[in-house]
Amino acid sequence: MSAHSASAQAAGPTPDHGIGSRAPDIANAAVLGSEKNFNSDSSPTDSDSAGESDFKEGGYGWVVVASVFLVNAHTWGLNSSYAVFLAYYLRSGIISGASPLAFAFVGGLSISIALLVSPLATLCIGRFGTNATLRFGTVLEAVSFIGASFSTHKWHLLLSQGVCFGMGLGFCFTATVGVVPQWFTKRRSFANAISTGGSGFGGLVYSLATDAMIRNLGLAWSFRILAVISFVVNGACTLTLRDRNKAVGAIHIAFHIDLLKRPEFLLYIGWGFFAIISYVIVVFSLADYAHMMGFDPSQGSVVAAVFNLSQGLGRPLIGLVSDKVGRINIAAIGTLISAITTFFIWTFAGRFYPGLIIYALFGMFCGTIWPCVAPVGAEVVGLQLLPSALSLYWLVLVLPSTFAEVIGLSLRTSGTNGYINVQVFVGALYCVSFASIWLLRSWKVQQMDALGLTCDKEAAGNQDAHAIAGLPERAQQPSLVRSYIDGMFVIKRV
């Protein structure tokens, strides 16, 4: 499967744009000194009682990082274990009247429902607070596993492991995705990547544990055990999670349609739209691919586990490098590496078990969208608008995530080369995703050049946000297209 800091008074981005909204980094830097004076009732908060005037980067934020890490492990991590469930469903015939496409639809539905409910979850955060929203998601997730344990028909799975689990995942994810970046500036990407790494470690643990539980305890008790574990862990995290919505003036608008008028936001969406299709197909197909290549179920679960381990270890590294090299730069490079490894490692070496393991080790790049989506979003729209931007972002990603695995299994044929169409399709979409993020990088370079800025945080911190907001003429370039093209070939930390 996550980012905030700005002051509405100082440089609050508004739907009517202006350079202030187009230079979120500067606004973020200007805000730290003025957060304590921000007066907003945009959302209730469970955490702002801690002295905001004494706020320092990190601090209690590391407790928040640990909390979000655990939530991700017991939401997205559990969702990743569906690859093991899918492989079991396909070979056991335990669910009557279900085709392979129906099982694939269950996996895609859980992700699409999670994204679909994000606007509703965003409204709940604004009205009831972050922790109440997280608690509601925790209950739904536990209920979904209990319901799935009694499933005997495909519609049982669709409602429990598909719809109900997706709703629980969506409320938990939306409640936590933007909290960690509120506590960090210089190490924002690193902290955010650590928290998203929880999904990788969760996927590692539960891919192996789920396979073992199904073999030794049966499908029903596997679901019930997962229900208890997720309820206890996520419930405990609701007691330690604290946001800073009031301090940063977070704006929780479910449908901020004006953002769709911004070309840079459309490029941002394009990056995620094509990347999510490829990512879902890879996550849910690896175990079945291993089975098709003649490997036994335990080997398939090991491949899925290695893939998730790579994400768990790799995402913090991606975040650490992002803060030094540039957030958009790393998002683009990671997406490009995903395309290259799909074409050259999965396609040619994946039929051999060591080669498939090597491809799984590149899993950190296949899921680049998750550690980078919130930090890159902050670069595009600024921290204040990030909750609203992500709400709209997830909504757009509903359609591709719903049908991604359905498309993947539809492209699958029989034989040892049965996945060749899937592999080419996944690699091609990663290439399109890379093109979108690289154009977005070019936009960012053009904006920085227009304002005469660098990405140096200290220099940005000395800028006057009010002066920046009044520089629309300076930002106009003689040739916008030419500046975008030039920006594609500029070496710069972005």
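Among the residues of the stretch 191-212, which ones are buried (at least 24 other Cβ atoms within 10 Å of the Cβ) and over 13 Å from the mean Cα position of the chain (by Cα)? Of everything in the stretch 191-212, those that are buried (at least 24 other Cβ atoms within 10 Å of the Cβ) and over 13 Å from the mean Cα position of the chain (by Cα) turn out to be 191, 202, 203, 204, 206, 207, 210, 211. For residues that are in a helix (DSSP H, G or I) and of a type in the set (Gly, Ala, Ser), scanning just the stretch 321-334, find the one that is farthest from residue 428 (Cα to Cα). Step by step, filter the stretch 321-334, then rank; the result is 322.
Residues checked against (1) assigned to a helix (DSSP H, G or I); (2) closer than 29 Å to residue 490 by Cβ; (3) not hydrophobic (A, V, I, L, M, F, W, C):
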position	(1), (2), (3)
319	yes, yes, yes
336	yes, yes, no
344	yes, yes, no
414	no, no, yes
429	yes, yes, no
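Would you say residue 114 is closer than 12 Å to residue 173 by Cβ, in contact with a helix residue (DSSP H, G or I) (Cβ under 7 Å, 6 or more places away or on another chain) and surrounded by 24 or more Cβ atoms within 10 Å (Cβ to Cβ)? Answer is yes for this residue. Scanning the stretch 366-407 for residues that are of a type in the set (Gly, Ala, Ser) and under 25 Å from residue 304 (Cα atoms) yields 367, 401, 404. Of the residues 325, 280, 303, which single one is β-branched (Val, Ile, Thr) and open to solvent by 50 Å² or more (accessible area, probe 1.4 Å)? Unique residue meeting the criteria: 325. Within the stretch 423-468, the residues that satisfy the criterion of being at pLDDT 55 or above and small (Gly, Ala, Ser) are 427, 428, 433, 435, 436, 442, 450, 452. Taken together, 104, 66, 98 contain a single residue that is open to solvent by 10 Å² or more (accessible area, probe 1.4 Å) and at pLDDT below 80, which is 98. Which one of these does residue 425 not meet: (1) within 17 Å of residue 328 (Cβ to Cβ); (2) open to solvent by 10 Å² or more (accessible area, probe 1.4 Å)? All conditions pass for residue 425, except number (1). When residue 187 is tested against (1) more than 20 Å from the chain's Cα centre (by Cα); (2) open to solvent by 20 Å² or more (accessible area, probe 1.4 Å), just one condition goes unmet, and that condition is (1).
Would you check if there is a residue in the stretch 362-372 being more than 16 Å from the chain's Cα centre (by Cα), open to solvent by 10 Å² or more (accessible area, probe 1.4 Å) and not aromatic (Phe, Trp, Tyr)? Please lay out each step first, then the result.
Of the stretch 362-372, the ones more than 16 Å from the chain's Cα centre (by Cα) are 362.
If we keep only those that are open to solvent by 10 Å² or more (accessible area, probe 1.4 Å) as well, we get 362.
Now drop any that are not not aromatic (Phe, Trp, Tyr), which leaves none.
Within the stretch 362-372, none of the residues are more than 16 Å from the chain's Cα centre (by Cα), open to solvent by 10 Å² or more (accessible area, probe 1.4 Å) and not aromatic (Phe, Trp, Tyr).
All conditions but one from (1) among the hydroxyl-bearing types (Ser, Thr, Tyr); (2) crowded, with 23+ Cβ neighbours inside 10 Å; (3) in contact with a Leu (Cβ under 6 Å, 6 or more places away or on another chain) apply to residue 151; the one that does not is (2). All of 390, 383 fail the test of being open to solvent by less than 10 Å² (accessible area, probe 1.4 Å) and in contact with a His (Cβ under 6 Å, 6 or more places away or on another chain), apart from 383. Could you list, ordered by first residue, the pairs with Cβ atoms under 6 Å in which the first is in the stretch 348-363 and farther than 13 Å from residue 302 by Cα and outside any helix (DSSP H, G or I) and the second is of a type outside the set (Ser, Thr, Tyr) and modelled with pLDDT under 90, at least 6 apart or interchain? Listed by first residue and then by second, the contacts come to 351/293. Here the stretch 136-148 is the region considered, the condition is being surrounded by fewer than 23 Cβ atoms within 10 Å (Cβ to Cβ) and of a type in the set (A, V, I, L, M, F, W, C), and the residue that is nearest to residue 233 (Cα to Cα) is 139.
The values are calculated or read from the model by the stated rules, or taken from the named source; none is laboratory data. Only a predicted model underlies this, so the values are computations on that prediction, with no experimental measurement involved. Positions of Cβ are generated from backbone atoms using ideal geometry, with glycine treated the same way; all protein chains shown enter the neighbour counts. Just the protein is used for accessible areas: all its heavy atoms, side chains included, with ligands, DNA and RNA removed. Shrake-Rupley method; radii C 1.70, N 1.55, O 1.52, S 1.80 Å.
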